[in-house]
1. Go through the range 258-277 and give me each residue that's within 14 Å of residue 328 (Cβ to Cβ) and in contact (Cβ under 8 Å) with a residue 60 or more places away in the chain.
2. Here's a check for you: in the range 62-86, which residue that is outside any helix (DSSP H, G or I) and under 20 Å from residue 11 (Cβ atoms) is nearest to the chain's Cα centre (by Cα)?
3. For the range 154-166: of the residues being part of a helix (DSSP H, G or I) and surrounded by 11 or more Cβ atoms within 10 Å (Cβ to Cβ), which is modelled with the lowest pLDDT?
4. Does residue 185 satisfy the condition of being assigned to a helix (DSSP H, G or I), modelled with pLDDT of 85 or more and within 27 Å of the chain's Cα centre (by Cα)?
5. Specify which of the listed residues (244, 261, 220) is within 30 Å of the chain's Cα centre (by Cα), at pLDDT below 85 and surrounded by fewer than 24 Cβ atoms within 10 Å (Cβ to Cβ).
6. Does residue 170 satisfy being over 30 Å from residue 237 (Cα atoms) and out of contact with any strand residue (DSSP E or B) (no Cβ under 6 Å at 6 or more places or on another chain)?
7. Could you grab me the full set of residues in the range 167-189 that are over 19 Å from residue 334 (Cβ atoms) and buried (at least 17 other Cβ atoms within 10 Å of the Cβ)?
């Protein structure tokens, strides 16, 4: 039995001009696996304004062909039509002529192509302002509903399950300890190394304990814990509530007479308010431990000296400031996560957008609140 092998003849297109007619000779096998020839030379002759009025094709040396040839022919025909050149396709094979007739049987619908429109800068500013106004209005309404839920809780009329509260405390408390431990320990290490670079120039390595202790208790401990919880718990709240919106579970709760703010949002906010101060204290401790590892291991400072300096530098007021800040951060994280979750759309992509927006909103709120409280403490001399 003889096995026949098919060899590909390189495809190319050769052009020749006779007065006002340009003849394009199509040669070789025009198949997808072949190297596509360059048509720029042909297009250049068609569009150079030299008086070409007609384009014809020669297919005497044409071999095998598939959609590659059709694509390039359509490109030539469309370009010739734009230049006002008559394209003669009668010399093409019948199969190609039939396919071309199908391609051009139905004209392209007007306006089907996407139009590139340049939006004026004042329109962009206006849309941004309207978006900010809409978000601000939604935030005020959401805060108002939360305050009504808290008022109902103080009167003992809030309807939610206490087991949900303990579940949320477990999720945002003990379950978050590993990541808070790692980040806080590394932050303490970084603060110690950064301070040691300058303090070692004066032989004042002992003051690394002051730097790490005050930095962690007043700022970095609560701030890093809040950022961690924003990315971990805030996004989780938004995804949970957003999924409930997609599955119409929140609508079902309203139908059964349950207020979603009390039943879903209030336990999450209470859990973060209760847990964030404790996480702040734990983050402070881990940061101080990280600073001790650096100071004792790399500098001529004993552990007893480090702890003594830390005890002298850090006071109860420093811990109080960090705890108050972290409690405020907890409220902001819960608000941003729950608000974005309740505003979620009815699709899977909307759930992802809500989680992303919750993290971004939470971090922005945290940074702004931390800046304001730091300025207030500085002005009050605290």
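The values are calculated or read from the model by the stated rules, or taken from the named source; none is laboratory data. Note that the structure is a prediction, hence the values are computed from the model and not measured. All Cβ positions, glycine included, derive from the backbone under ideal geometry; neighbour counts span all protein chains shown.
1. We begin by selecting, within the range 258-277, every residue within 14 Å of residue 328 (Cβ to Cβ); these are 269, 272-277.
Of everything in the range 258-277, those that are within 14 Å of residue 328 (Cβ to Cβ) and in contact (Cβ under 8 Å) with a residue 60 or more places away in the chain turn out to be 269, 272, 273, 274, 275.
2. For the range 62-86, the residue satisfying everything is 66.
3. Out of the qualifying residues, it is 164.
4. Details: assigned to a helix (DSSP H, G or I): yes; modelled with pLDDT of 85 or more: yes; within 27 Å of the chain's Cα centre (by Cα): no.
Against the criterion (assigned to a helix (DSSP H, G or I), modelled with pLDDT of 85 or more and within 27 Å of the chain's Cα centre (by Cα)), residue 185 does not qualify.
5. Going through 244, 261, 220 in turn, the sole match is 261.
6. When the stated conditions are applied, residue 170 does not pass them.
7. Residues satisfying the conditions are 183, 184, 185, 187, 188, 189.
Per-residue answers, yes or no, for (1) outside any loop (DSSP other than H, G, I, E, B); (2) under 20 Å from residue 261 (Cα atoms):
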| site | (1), (2) |
| --- | --- |
| 95 | yes, no |
| 105 | no, no |
| 127 | yes, no |
| 142 | yes, yes |
| 147 | yes, yes |
| 152 | yes, yes |
| 168 | yes, yes |
